[in-house]
1. When the range B:131-146 is examined, which residues are found to be touching a Pro at 6+ places or on another chain (Cβ under 8 Å), assigned to a strand (DSSP E or B), within 12 Å of another protein chain (Cβ to nearest Cβ) and touching a residue at least 24 places away in the same chain (Cβ under 8 Å)?
2. Which residues, counting only those in the range B:350-402, are polar (S, T, N, Q) and either outside the structural domain of B:Leu326 (by TED's automatic domain parsing) or in contact (Cβ under 8 Å) with a residue 60 or more places away in the chain (or both)?
3. Quick one: A:Leu14 ticks every box in (1) at the interface with chain B (Cβ under 8 Å from one of its Cβ atoms); (2) closer than 30 Å to B:Asp149 by Cα; (3) exposed (fewer than 15 other Cβ atoms within 10 Å of the Cβ); (4) within 19 Å of the chain's Cα centre (by Cα) except a single one, so which number is it?
4. Within the group B:Ala365, B:Ala338, which residue is farther than 30 Å from B:Gly52 by Cβ and part of a loop (DSSP other than H, G, I, E, B)?
5. Search the range B:319-332 for residues being closer than 24 Å to B:Leu366 by Cβ and over 12 Å from the mean Cα position of the chain (by Cα), and hand back the single one that is surrounded by the fewest Cβ atoms within 10 Å (Cβ to Cβ).
6. Out of the range A:39-70, which residues are among the charged types (D, E, K, R) and facing chain B (nearest Cβ under 7 Å)?
7. Check B:Leu421 against each of (1) part of a helix (DSSP H, G or I); (2) in contact (Cβ under 8 Å) with a residue 40 or more places away in the chain; (3) among the hydrophobic types (A, V, I, L, M, F, W, C) and name the one condition it does not meet.
Amino acid sequence: MKISTEDVQKLAHLSRLELEGGKAEAMKQDLTKILGFVAAIERLDLDGVEPLVYMTDRENVLRDDDPQTVMTHAEAMKNGPGADSDYFRVPRVVEK
Amino acid sequence: MSEAVVTAYEAVIGLEVHVQMNTRSKAYSSDGYDYGAAPNSQVSPITLGHPGTLPKANSAVVRNAVRLGLACGCQIREYNAYARKNYFYPDLPKGYQITQDETPICTGGGVWISSETMAPKMIGLTRIHMEEDTGKSIHDLDPFHTLLDLNRAGVPLLEIVSEPDFRSGEEAYLYLQEIRKLVRYLDISDGNMEEGSLRCDVNISIRPVGREKFGTKIEVKNLNSFRNVQRAIDYEYERQCAVLNSGGQLFQETRTFDATKGSTTAMRSKEDANDYRYFIEPDLAPVRVTESFKASIAASMPPLPQALVKRYQEELGLSRYDAQLLTESKETALYYEALLATGCPAKSGANWLMGPVQAWLNERALDWNQWAMPAASLAKLIHLVESNTVSFSAAAQQLFPLLIAAPDSDPKALAETHGLLQESDEDALLAHVDAALAAFPDKVEEYKAGKKGLMGLFMGEVMKRSRGAADPKVTSRLIQQRLES
């Protein structure tokens, strides 16, 4: 499968990444390599083989509805932008 | 016939409703959620999307989904996979929402709506699926940043997608009321639209009456009350008709409702169409809903409002209006059920609940869940009236407040202590009647001269003298006898 520059730009946009200069081209080459690596699987005869989604065959792995205090506000904020406030601070999402 | 002369259009409307569950912990992590808690105080590494964390599905979410599905007559899917819906937005810390894509847990079924003026109609459901909420973005507190409160991130939601079965804003309004009632009866959600526990997006198009093909679909968002959903639909219908009638064209778009102006405006169009790149969530094992699990849920279902309305009308002979009022909330319905279980006559039980009890609550701005009198006590009070032991007015105006103040006491003993037992003993009553007439000799003359309206005055005087205990029918007969003798 071939990756076009438009594909790279679309993915970058969906991930809100800006690929400037030669970065888009470098990314295109990386993605092409990754897809080429995975494409090896297409050489196998997979007729009648169900897609493998889960690494185990377990079902109904459910927990009880028991609330727990897992971390404090300070712990939650520690590594985030705006640790000094009540909120995480990120660049403005909506223009004024 | 050319398009331009067609003026009769019908609206074709579908609703997407998100119900926020009242589970104690989140959908895929064990942190709790309380509306209005301090920002970012109810989070966990899973909620925050920290690398290396793994979600754990909450069993109560599956149970609630099956409850709602059974209540709406849906098919419940046996094999359920979770899916990732990928998009980038800061209030979605993982970069994807865990939802269901190709295997929604409920499909089909429907919700019945009706009103005083509308015959019952079923709104079909396309699907109900389980998913998680996002955090909250705050855009107006900091001039340079968007602020994030991630408490709500990961709170479980049920998305209920209807078929395009609505034809008016009123139908949508009735449907939302019915959904809210259902989730409250089922104890899945508090159903509070103002706090965001119920959210609704509208899809609306119009087409010439009689035509099968759908028109251009327009989505309306930002609807924060049932009335606003109805207003937005009514506005959109008029707007779309006006565009087509003036020879214009409609485009598929998303509009937002301005509640102050009562109108919708186009939202800035997204630069690209969304591409959510759904795939199966590999971190959560699939859920298999077995027949025995479904049966156990079915066995634990509470009575549901529509079944109760039907029973109250058909078996108890109540009016549609009374049946609706009694089932408006689960608390009222359960209380009425408890009252019926004591053998209380259906009609007088209904009258007492919708009359004196409701009035007492209204005067104090209280809810039914704050009504503490045991049903058995109220039933005894009602029995005193039914057996003519206490008059209705003495029961409602005097005994009832006394019983509220002492809910565990015996109503009959209370009536005795306060002299409220009805006097139908004619000798005792006659004494009151004679005293009353003696107090107003001039009025007695006027009555005899033809002013029959004075009867009320004499009745009132006897009631006063007997402290409300006089049997009104007997009293009225005795007064007449005395005056006309």
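1. B:Ser137, B:Thr146
2. Scanning the range B:350-402 gives B:Asn388, B:Ser391, B:Ser393, B:Gln397, B:Gln398.
3. Among (1) at the interface with chain B (Cβ under 8 Å from one of its Cβ atoms); (2) closer than 30 Å to B:Asp149 by Cα; (3) exposed (fewer than 15 other Cβ atoms within 10 Å of the Cβ); (4) within 19 Å of the chain's Cα centre (by Cα), A:Leu14 violates only (3).
4. B:Ala365 is the lone residue from the list that is farther than 30 Å from B:Gly52 by Cβ and part of a loop (DSSP other than H, G, I, E, B).
5. It comes out as B:Tyr321.
6. If the condition is that a residue be among the charged types (D, E, K, R) and facing chain B (nearest Cβ under 7 Å), then A:Arg58, A:Glu59, A:Arg63, A:Asp64, A:Asp65, A:Asp66 are the ones that fit.
7. Among (1) part of a helix (DSSP H, G or I); (2) in contact (Cβ under 8 Å) with a residue 40 or more places away in the chain; (3) among the hydrophobic types (A, V, I, L, M, F, W, C), the lone unmet condition for B:Leu421 is (1).
For every residue, the table says whether it meets (1) at pLDDT below 95; (2) over 29 Å from B:Val62 (Cβ atoms); (3) assigned by TED's automatic domain parsing to the domain that holds B:Val62.
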{"site": "B:Val287", "(1), (2), (3)": "no, no, yes"}
{"site": "B:Ala307", "(1), (2), (3)": "yes, no, no"}
{"site": "B:Tyr321", "(1), (2), (3)": "yes, yes, no"}
{"site": "B:Glu331", "(1), (2), (3)": "yes, no, no"}
{"site": "B:Ser348", "(1), (2), (3)": "yes, yes, no"}
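The values are calculated or read from the model by the stated rules, or taken from the named source; none is laboratory data. The shown structure was predicted, so the numbers you read here are calculated from the model rather than taken from an experiment. Quick reminder, even Gly has a Cβ in these numbers, built from the backbone with ideal geometry, and neighbours come from all protein chains shown.
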